[in-house]
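Engineer: Got a structure here, written out as structure tokens. Questions coming.
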Amino acid sequence: MADHARAALTLDRVRLGAGGPLARLRIADGRVTHVVAEADTGGRAVEADGGRVLDLDGRVLLPGLWDAHVHLAEWASARHRLDLAGTPSARAVADLVRERGGAAPDGTVLVGYGFRDGLWPDAPHKRLLDAVLPDRPVALVSADLHAAWLNSACLALVGRGDHPTGLVRETECHEVLSALPQAPAAVVDGWTADACEAAAARGVTGVIDFQFGDTVADWERRSAAFRPAVRVAAAIYPSRLDAAVERGLRTGDAVGAPGGLVRVGPLKLFTDGSLNTRTALCRDPYPGLEGTDGSHGIEETPPRALVRLMRRAAAHGIEPAVHAIGDHANTLALDAFEAVRCRGRIEHAQLLSPEDLPRFARLGVTAGVQPRHATDDRDVADRHWAGRTGRAFAYADLLAAGARLEFGSDAPVSPLDPWLAIASAVSRTDDERPAWHPEQRLSVRDALVAAARGRRLIRVGDPADLVVVDVDPSAAGPDTLRAMPVHATMTAGRWTHGPY
């Protein structure tokens, strides 16, 4: 897209927000400088005060949308992997591997992504993959990124040839995937640039990138090679915390090439695992696992260690973002925020105890949630959180308790498309079935605010991060919301998508 960020630009005949009035809006130097509602002009023409004028013909102008939880390189890579979404069994996955396994030279790793085994009638095992593709390494990553399924050739490749099943979870999963041969950085960077452009085409102007690894360094390198189509807040992991402190990095600091599009994000910490792997830390045991080790899930970071890490980060201006899915995990995370008394986020907040709902607002903790997970995981939740799903993905209850919600996708767990999150939050279903716990539905306006990181209105002085859509979201049904036609997207006063 042509870079007009420094030149004055007037957007004429736009509707300000869902159901909003016609207005004229002026942009200069990457910021909104004037907003004039048509009703305030008394029918008189308003001078554009120089620069280009675009007539948007009554289209709706919204604050730019964010995906507040992505694993961007994983998402970019997943777009080039074997798609396992929707496979109903381990046997079906093996059949797909047999069908697709010969599409690349022997010796290269066949990587698949997106299986969900929480409801499968059979268990993933290396024998199934060995039977269909014995010589080529196969690594299949679960949709929640908390498990991987490898054949014997791949287990030998990563030094775990004696693994009994080939199914690895949590920390072992991350270690195994890190040991796999990686695509060259330049290739992944190119995929990532493409993924950012695809996100901009859906109205995204910024992401919080929780990619595993040295995400800040990755984005310093990328920003020197290309200008990303979205703003990026690059997370820090505990293994890089000391280095970040030594550099004096603080959440919100600009890094990389000039322009301020890449900034330091939060410190990512974990309290537990995930629902699909039955490792989310819960007060009640998982059905069928009673009396066994791990029957309540896993404690990823002990409370004292969690407080210690959060306190060190906060003392140096780095805000924590704590992964918590089970109800006990969320209590522990909130306890840690109460002990440290710092700003920050809880990522996912999927199952909550009623007494914890008001603590988000009282402690000033943002709930970073992924509404598509509620519709994707409803059946798994009904089985493994039976009797408790009234307080699962409880977005309406969180809002009613005063919490700040920010939407994300957790891509590649769900696609990087904010309209899917908005539609799921509004409808609580993504198929022909009735809404799942309809009492937790959000209004379109509340969903849009959560998708825009709390921006409800477009005001003078705001960064010119904007999205123009062809349909008024306030009058759109769930199907239209999911497929929302995005006319144009602007980040920092520069068009990143559209005809301009």
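The values are calculated or read from the model by the stated rules, or taken from the named source; none is laboratory data. What you are looking at is a predicted structure, and each value in this text was computed from that prediction instead of being measured. Glycine also receives a Cβ, built like all others from the backbone with ideal geometry; neighbour counts cover every protein chain displayed. Only protein heavy atoms, including side chains, enter the accessible area calculation; ligands, DNA and RNA are left aside. Shrake-Rupley method; radii C 1.70, N 1.55, O 1.52, S 1.80 Å.
Engineer: Is it the case that some residue within region 34-46 is within 25 Å of the chain's Cα centre (by Cα), open to solvent by less than 50 Å² (accessible area, probe 1.4 Å) and either modelled with pLDDT under 95 or within 30 Å of Ala450 (Cβ to Cβ) (or both)? Even if it seems obvious, please write down each step before you answer.
Structural biologist: Just the residues of region 34-46 that are within 25 Å of the chain's Cα centre (by Cα), to begin with: none.
No, region 34-46 contains no residue that is within 25 Å of the chain's Cα centre (by Cα), open to solvent by less than 50 Å² (accessible area, probe 1.4 Å) and either modelled with pLDDT under 95 or within 30 Å of Ala450 (Cβ to Cβ) (or both).
Okay, residues lined up against (1) more than 19 Å from Val207 (Cα to Cα); (2) assigned to a loop (DSSP other than H, G, I, E, B):
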| site | (1), (2) |
| --- | --- |
| Ala421 | no, no |
| Val426 | yes, no |
| Leu442 | yes, yes |
| Met490 | no, no |
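Engineer: Considering only region 184-197, how many residues are open to solvent by less than 50 Å² (accessible area, probe 1.4 Å) and in contact with a Ser or Thr (Cβ under 7 Å, 6 or more places away or on another chain)?
Structural biologist: 1
Engineer: Tell me which residues, restricted to region 331-365, are charged (D, E, K, R), within 21 Å of the chain's Cα centre (by Cα) and within 17 Å of Ala401 (Cα to Cα).
Structural biologist: Passing the criteria: only Arg345.
Engineer: Looking at Ser295, is it polar (S, T, N, Q) and either over 24 Å from Asp382 (Cα atoms) or in contact (Cβ under 8 Å) with a residue 40 or more places away in the chain (or both)?
Structural biologist: Considered against the rule, which asks whether it is polar (S, T, N, Q) and either over 24 Å from Asp382 (Cα atoms) or in contact (Cβ under 8 Å) with a residue 40 or more places away in the chain (or both), Ser295 comes out as no.
Engineer: When you scan region 144-174, how many residues do you find that are in a loop (DSSP other than H, G, I, E, B), at negative phi and either of a type in the set (Asp, Glu) or buried (at least 19 other Cβ atoms within 10 Å of the Cβ) (or both)?
Structural biologist: Selection size over region 144-174: 5.
Engineer: Would you confirm whether or not region 300-312 contains a residue that is farther than 30 Å from Ser142 by Cβ, out of contact with any Pro (no Cβ under 8 Å at 6 or more places or on another chain), of a type in the set (Val, Ile, Thr) and part of a loop (DSSP other than H, G, I, E, B)?
Structural biologist: No, region 300-312 contains no residue that is farther than 30 Å from Ser142 by Cβ, out of contact with any Pro (no Cβ under 8 Å at 6 or more places or on another chain), of a type in the set (Val, Ile, Thr) and part of a loop (DSSP other than H, G, I, E, B).
Engineer: Glu406 fails exactly one of the following numbered conditions: (1) under 23 Å from Leu275 (Cβ atoms); (2) in a helix (DSSP H, G or I); (3) of a type in the set (Asp, Glu). What is the number of that condition?
Structural biologist: Failing condition for Glu406: (2).
Engineer: Which residue is surrounded by the most Cβ atoms within 10 Å (Cβ to Cβ), if the candidates are limited to region 312-361 and must be farther than 17 Å from Arg240 by Cβ and either of a type in the set (Lys, Arg) or modelled with pLDDT under 95 (or both)?
Structural biologist: Per the criteria, the residue is Arg345.
Engineer: So which of Leu269, Leu275 ends up being out of contact with any Ser or Thr (no Cβ under 9 Å at 6 or more places or on another chain) and either open to solvent by 40 Å² or more (accessible area, probe 1.4 Å) or not in a helix (DSSP H, G or I) (or both)?
Structural biologist: Among Leu269, Leu275, only Leu275 is out of contact with any Ser or Thr (no Cβ under 9 Å at 6 or more places or on another chain) and either open to solvent by 40 Å² or more (accessible area, probe 1.4 Å) or not in a helix (DSSP H, G or I) (or both).
Engineer: Suppose the filter is without any contact (Cβ under 8 Å) to a residue 40 or more places away in the chain, touching a strand residue (DSSP E or B) at 6+ places or on another chain (Cβ under 9 Å) and open to solvent by less than 50 Å² (accessible area, probe 1.4 Å); does Val255 pass it?
Structural biologist: On the way: without any contact (Cβ under 8 Å) to a residue 40 or more places away in the chain: yes; touching a strand residue (DSSP E or B) at 6+ places or on another chain (Cβ under 9 Å): yes; open to solvent by less than 50 Å² (accessible area, probe 1.4 Å): yes.
It is true that Val255 is without any contact (Cβ under 8 Å) to a residue 40 or more places away in the chain, touching a strand residue (DSSP E or B) at 6+ places or on another chain (Cβ under 9 Å) and open to solvent by less than 50 Å² (accessible area, probe 1.4 Å).
Engineer: Right, another one. In region 387-419, which residues are under 14 Å from the mean Cα position of the chain (by Cα) and open to solvent by 30 Å² or more (accessible area, probe 1.4 Å)? Steps first, please.
Structural biologist: At the first step, the residues of region 387-419 found to be under 14 Å from the mean Cα position of the chain (by Cα) are 405-419.
Hit for region 387-419 is Pro415, nothing else.
Engineer: Just wondering, is there one or more residues in region 128-142 that are in contact with an Asp or Glu (Cβ under 8 Å, 6 or more places away or on another chain), of a type outside the set (Val, Ile, Thr) and open to solvent by 50 Å² or more (accessible area, probe 1.4 Å)?
Structural biologist: yes
Quick grid of which residues meet (1) without any contact (Cβ under 8 Å) to a residue 24 or more places away in the chain; (2) in contact with a His (Cβ under 9 Å, 6 or more places away or on another chain); (3) not polar (S, T, N, Q):
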site: Leu177; (1), (2), (3): no, no, yes
site: Pro181; (1), (2), (3): no, no, yes
site: Ala193; (1), (2), (3): no, no, yes
site: Glu197; (1), (2), (3): no, yes, yes
site: Gly203; (1), (2), (3): no, yes, yes
site: Val207; (1), (2), (3): no, yes, yes
site: Gln211; (1), (2), (3): no, yes, no
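Engineer: Looking at Thr489, Thr429, Thr480 in this structure, which one is open to solvent by 40 Å² or more (accessible area, probe 1.4 Å) and either closer than 23 Å to Asp356 by Cα or at pLDDT 95 or above (or both)?
Structural biologist: Details: Thr489 fails: open to solvent by 40 Å² or more (accessible area, probe 1.4 Å); Thr429 fails: open to solvent by 40 Å² or more (accessible area, probe 1.4 Å).
The conditions single out Thr480.
Engineer: Would you please name the residue that is farthest from the chain's Cα centre (by Cα), looking only at residues in region 112-143 that are assigned to a strand (DSSP E or B) and within 19 Å of Asn276 (Cβ to Cβ)?
Structural biologist: Residues of region 112-143 assigned to a strand (DSSP E or B): 112-115, 138-142.
From what is left, the residues that are within 19 Å of Asn276 (Cβ to Cβ) are 112-115, 139-142.
Numbers: Gly112: 20, Tyr113: 16, Gly114: 15, Phe115: 18, Ala139: 23, Leu140: 21, Val141: 17, Ser142: 16 Å.
Per the stated criteria, the residue is Ala139.
Engineer: Could you list, in sequence order, the residues of region 368-403 that are of a type in the set (Asp, Glu) and in a helix (DSSP H, G or I)?
Structural biologist: Scanning region 368-403 gives Asp376, Asp379, Asp382, Asp397.
Engineer: I would also like to ask the following. How do the pairs read when you match residues in region 383-400 that are more than 23 Å from Val365 (Cβ to Cβ) with residues anywhere that are surrounded by fewer than 17 Cβ atoms within 10 Å (Cβ to Cβ) and of a type in the set (A, V, I, L, M), using Cβ under 9 Å and keeping only pairs 6 or more apart or on different chains?
Structural biologist: Once the first residue is more than 23 Å from Val365 (Cβ to Cβ) and sits in region 383-400, its partners that are surrounded by fewer than 17 Cβ atoms within 10 Å (Cβ to Cβ) and of a type in the set (A, V, I, L, M) give Arg383/Leu119.
Engineer: Restricting to region 230-247, give me the number of residues that are more than 17 Å from Ala411 (Cα to Cα) and either surrounded by 17 or more Cβ atoms within 10 Å (Cβ to Cβ) or touching a residue at least 24 places away in the same chain (Cβ under 8 Å) (or both).
Structural biologist: Our first condition is that a residue be more than 17 Å from Ala411 (Cα to Cα); within region 230-247, this holds for 236-247.
Filter once more, so that each one left must be either surrounded by 17 or more Cβ atoms within 10 Å (Cβ to Cβ) or touching a residue at least 24 places away in the same chain (Cβ under 8 Å) (or both): 236-238, 240-241, 244-245.
The number of residues fulfilling the criteria is 7.
Engineer: If I filter region 54-65 for residues that are open to solvent by less than 40 Å² (accessible area, probe 1.4 Å), under 30 Å from the mean Cα position of the chain (by Cα), at pLDDT 95 or above and among the small types (Gly, Ala, Ser), do I get at least one hit?
Structural biologist: yes
Engineer: State the number of residues belonging to region 363-378 that are farther than 15 Å from Val413 by Cα and either out of contact with any Phe, Trp or Tyr (no Cβ under 9 Å at 6 or more places or on another chain) or hydrophobic (A, V, I, L, M, F, W, C) (or both).
Structural biologist: 3
Engineer: How many of the residues in region 372-384 are under 17 Å from Trp120 (Cα atoms), open to solvent by less than 30 Å² (accessible area, probe 1.4 Å), out of contact with any strand residue (DSSP E or B) (no Cβ under 6 Å at 6 or more places or on another chain) and not basic (Lys, Arg)?
Structural biologist: 3
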